[in-house]
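The values are calculated or read from the model by the stated rules, or taken from the named source; none is laboratory data. No experiment lies behind these values; they were computed from the predicted model shown. Using ideal geometry, Cβ is built from the backbone for each residue, glycine included, and neighbour counts are taken over all protein chains shown. We work out accessible area using only protein heavy atoms, side chains counted, and drop any ligands, DNA or RNA first. Shrake-Rupley method; radii C 1.70, N 1.55, O 1.52, S 1.80 Å.
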Amino acid sequence: MNRLAQTATQTPMQKDIGALERHVLASRDIATQIGDPFLSYLLSMALFTIYEKKAHHENEALKSSFS
């Protein structure tokens, strides 16, 4: 239930980033299952970039809420 409330308050960009994150995670899992370490590594780096982007947006939101 908490997840539904959180999803309802997300901006369109946050929803897009979340969807991208889920797709990259699924792709990385598939790459790992088929035994492709290079593709798995590349997708892990993509996830790292997504996490950085999410953290940046969260920090900006926190800054704006305290201004």
Output for Cβ contacts, cut-off 9 Å, separation at least six or different chains, first residue farther than 17 Å from E52 by Cβ in the range 21-33, second in a helix (DSSP H, G or I) and open to solvent by 50 Å² or more (accessible area, probe 1.4 Å), reads S27/L39; I30/L39; A31/P37; A31/F38; A31/L39; A31/Y41; A31/L42; T32/L39
Search result, residues across the range 17-55 that are small (G, A, S) and part of a helix (DSSP H, G or I) | G18, A19, A26, S27, A31, S40, S44, A46, A55
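Limited to the range 21-38, what total is found for residues that are among the hydrophobic types (A, V, I, L, M, F, W, C) and open to solvent by 70 Å² or more (accessible area, probe 1.4 Å)? If you could, list the steps in order and put the result at the bottom.
Taking the range 21-38 as the starting set, the residues that turn out to be among the hydrophobic types (A, V, I, L, M, F, W, C) are 24-26, 30-31, 34, 38.
Keeping just the survivors that are open to solvent by 70 Å² or more (accessible area, probe 1.4 Å) gives 30, 34, 38.
Of the residues in the range 21-38, 3 are among the hydrophobic types (A, V, I, L, M, F, W, C) and open to solvent by 70 Å² or more (accessible area, probe 1.4 Å).
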